[in-house]
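The values are calculated or read from the model by the stated rules, or taken from the named source; none is laboratory data. Treat the numbers as computed from the prediction; the structure is a model and nothing was measured. Cβ placement follows ideal geometry from the backbone for every residue including glycine, while neighbour counts extend to all protein chains displayed. Note: accessible area is taken over every heavy atom of the protein model, side chains too, but ligands, DNA and RNA are not part of it. Shrake-Rupley method; radii C 1.70, N 1.55, O 1.52, S 1.80 Å.
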Number of protein chains: 2
Amino acid sequence: MSSRSSADNAREIPEATVARLPVYLRALTGLTESGVATCSSEELAAAAGVNSAKLRKDLSYLGSYGTRGVGYDVEYLTYQIAREIGVTHDWPVVIVGIGNLGHALANYSGFRSRGFRVVALLDADPSRAGEEVAGIAVQSFDRLEEIVTEHGVAIGVIATPAPAAQDVADRMVAAGISSILNFAPRVLAVPPGVDVRKVDLSIELQILAYHEQRKAAIEQPAQLEPEHAEQTEHAEQCVPAVDGALAQEVLS
Amino acid sequence: MSSRSSADNAREIPEATVARLPVYLRALTGLTESGVATCSSEELAAAAGVNSAKLRKDLSYLGSYGTRGVGYDVEYLTYQIAREIGVTHDWPVVIVGIGNLGHALANYSGFRSRGFRVVALLDADPSRAGEEVAGIAVQSFDRLEEIVTEHGVAIGVIATPAPAAQDVADRMVAAGISSILNFAPRVLAVPPGVDVRKVDLSIELQILAYHEQRKAAIEQPAQLEPEHAEQTEHAEQCVPAVDGALAQEVLS
DNA sequence: TGGTGTGAAAATGTTCACAGCA
DNA sequence: TGCTGTGAACATTTTCACACCA
């Protein structure tokens with residue numbers, strides 16, 4: 001925090017903003033495909049599903065890339081956000097655990113198109129080695145270290161059953177991986193400096209269930225007094241949302 | 001907001017807390033399986049990957065289910081949280097789009113065990129009808145309305161390619177579904193009263209890439225001054241996280 | 001004139017620290 | 001005595017509203 005860098009780099013971007021930048025990137029890609037060359041904050045916000053004030057505030061953390069009275073140049077803004085996120089070049093990624101979900105992830109075309117390249121699919125089950133998924137050979141998990149070293153892998157994806165997740169994470173960290181996307185429904189303990197994000201389908205569903213239950217309680221006044229049913233207007237776009245973790249036997 | 005209900009229900013639970021309740025539920029399940037009957041906020045917090053102050057604050061929104069000087073009864077607290085979320089009984093769910101991801105979701109055992117029951121798998125491709133995935137027959141998407149009505153489905157999962165997502169959502173809403181979990185990388189427009197949550201793998205990865213890039217910038221002082229590398233200590237458990245959406249061609 | 005960029009206000013979320021109860 | 005439950009302080013995020021400039 002002491003010496004502010006000389007370049008116009010090193011701004012402090014709020015975490016909430018960082019989480020939305022990829023959404024803006026996707027919206028911009030959509031605009032590009034529609035042949036739109038310029039857009040206002042209002043238009044981009046609509047495409048991204050946020051309000052324009054938030055969008056402008058978010059973009060203001062990156063710099064002043066718009067033109068007052070005009071809007072943003074789609075291509076230019078796309079590049080600036082991609083640069084800020086760090087996806088102007090591809091990140092090599094390894095996926096561990098080639099069960100149902102691992103398969104889906106390996107086939108996920110959004111990887112390549114969004115700045116990531118799957119360099120290896122690993123599975124602890126030796127009988128799977130040699131198999132090929134999405135054109136990539138499945139290898140033994142034992143090869144993790146050499147693959148990480150060889151390709152300079154910094155990001156790992158865990159799609160194993162829950163019981164294996166911590167071991168896989170430990171090996172990943174030891175091998176030099178410092179960012180993990182965890183689909184196993186398990187809290188991972190990792191040393192400082194390692195980032196973990198989790199995706200858990202059942203958590204997302206439970207959050208929906210909570211709100212669903214509340215709606216039902218209002219519509220059919222059970223033991224509650226009627227109240228004004230207007231309260232029903234809950235979310236419309238995308239709930240603020242939080243993390244989660246998929247997998248379990250899915251991934252075996 | 002006017003008339004507070006007579007029962008001890010209808011408390012206003014913060015969204016951030018709601019998003020963590022499923023995590024506590026999972027941690028409690030783990031404790032139960034380990035044969036733990038009672039736990040302190042410290043222990044449960046560790047199992048859930050949060051700090052104990054936050055845990056206690058969260059639980060305080062539900063009521064006073066702990067015992068001072070002792071802690072929480074695991075079984076009792078499990079029930080109270082499950083009741084609050086609304087997963088003491090199963091929620092019928094339909095999954096639309098049986099591609100790679102749809103397959104993985106259909107096979108996801110965490111569904112049944114966490115309060116959800118997949119009552120139908122639907123796909124727009126007529127040639128898939130009759131196929132069976134995870135013991136459930138794949139049916140034509142045209143049957144959506146009758147299935148929703150028959151089973152009283154309130155929650156739908158969209159695992160289709162992006163272009164189809166909005167149409168599917170519209171049909172779901174028209175059929176009476178009011179909560180949607182969207183894996184397609186597309187912003188969905190839905191009427192007020194309908195909740196949408198999204199999961200997007202590429203967004204999660206991009207957030208990791210952003211932090212990864214920053215770590216690299218600090219370790220190898222490119223054009224930045226060295227600074228104290230201690231800053232590297234970023235996240236250790238699970239980043240605050242925000243939504244995302246998977247799928248695309250994966251799901252076709 | 002129209003739309004960006006941004007201070008300031010409001011809302012939401014987290015952490016602290018300790019009163020109070022079993 | 002030990003641990004919960006919670007006000008109050010602090011931090012972050014969102015929203016407002018408007019100065020400012022192409």
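Of all helices (runs of 4 or more DSSP H) completely enclosed by region A:92-208, which ones contain at least 1 residues that are more than 23 Å from A:Val23 (Cα to Cα), open to solvent by 20 Å² or more (accessible area, probe 1.4 Å) and of a type in the set (A, V, I, L, M)? Walk me through it before giving the result.
Details: elements: A:100-106, A:110-113, A:144-151, A:162-175.
Of the helices (runs of 4 or more DSSP H) lying wholly inside region A:92-208, those with at least 1 residues that are more than 23 Å from A:Val23 (Cα to Cα), open to solvent by 20 Å² or more (accessible area, probe 1.4 Å) and of a type in the set (A, V, I, L, M) span A:162-175.
Scan B:Tyr72, B:Tyr79 and give me the residue that is among the aromatic types (Phe, Trp, Tyr), assigned to a helix (DSSP H, G or I) and in the same structural domain as B:Pro22 (by TED's automatic domain parsing). Spell out the reasoning first.
Numbers: B:Tyr72 fails: assigned to a helix (DSSP H, G or I).
On inspection, the qualifying residue turns out to be B:Tyr79.
Return yes when B:Leu59 is within 11 Å of DNA strand D (Cβ to nearest atom), under 21 Å from A:Arg197 (Cα atoms) and not in a strand (DSSP E or B) and no when it is not. Steps first, please.
Working: within 11 Å of DNA strand D (Cβ to nearest atom): yes; under 21 Å from A:Arg197 (Cα atoms): no; not in a strand (DSSP E or B): yes.
No; evaluated as a whole, the condition is false for this residue.
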Original post:
Which condition number does B:Leu77 fail, the rest of (1) within 14 Å of chain A (Cβ to nearest Cβ); (2) within 16 Å of DNA strand C (Cβ to nearest atom); (3) over 27 Å from B:Leu201 (Cβ atoms); (4) open to solvent by less than 30 Å² (accessible area, probe 1.4 Å) being met?
Top reply: (1)
**OP:** Determine which single condition A:Ala45 fails, assuming it passes every other condition in (1) within 16 Å of DNA strand D (Cβ to nearest atom); (2) under 30 Å from A:Ala175 (Cβ atoms); (3) open to solvent by less than 10 Å² (accessible area, probe 1.4 Å).
**Re:** (2)
Original post:
Does A:Leu181 count as more than 7 Å from chain B (Cβ to nearest Cβ), within 30 Å of A:Ala106 (Cα to Cα) and modelled with pLDDT of 80 or more?
Top reply: no
**OP:** Report, ordered by the first and then the second residue, all pairs with beta carbons closer than 9 Å, sequence separation of six or more or different chains, a first member in region B:43-55 that is away from every other protein chain (no Cβ under 12 Å), and a second member that is part of a loop (DSSP other than H, G, I, E, B) and near DNA strand D (Cβ under 8 Å from one of its atoms).
**Re:** B:Ser52/B:Ser40
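Does B:Val70 qualify as being of a type outside the set (Ser, Thr, Tyr), within 13 Å of DNA strand C (Cβ to nearest atom) and more than 14 Å from chain A (Cβ to nearest Cβ)?
Numbers: of a type outside the set (Ser, Thr, Tyr): yes; within 13 Å of DNA strand C (Cβ to nearest atom): yes; more than 14 Å from chain A (Cβ to nearest Cβ): yes.
Considered against the rule, which asks whether it is of a type outside the set (Ser, Thr, Tyr), within 13 Å of DNA strand C (Cβ to nearest atom) and more than 14 Å from chain A (Cβ to nearest Cβ), B:Val70 comes out as yes.
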**OP:** Looking only at region B:27-49, decide whether some residue is outside any helix (DSSP H, G or I), out of contact with any Leu (no Cβ under 6 Å at 6 or more places or on another chain) and within 9 Å of DNA strand C (Cβ to nearest atom).
**Re:** no
**OP:** Among what's in region A:87-136 and is at the interface with another protein chain (Cβ under 9 Å from one of its Cβ atoms) and without any contact (Cβ under 8 Å) to a residue 12 or more places away in the chain, pick the residue that is nearest to B:Ala216 (Cα to Cα).
**Re:** A:Ser113
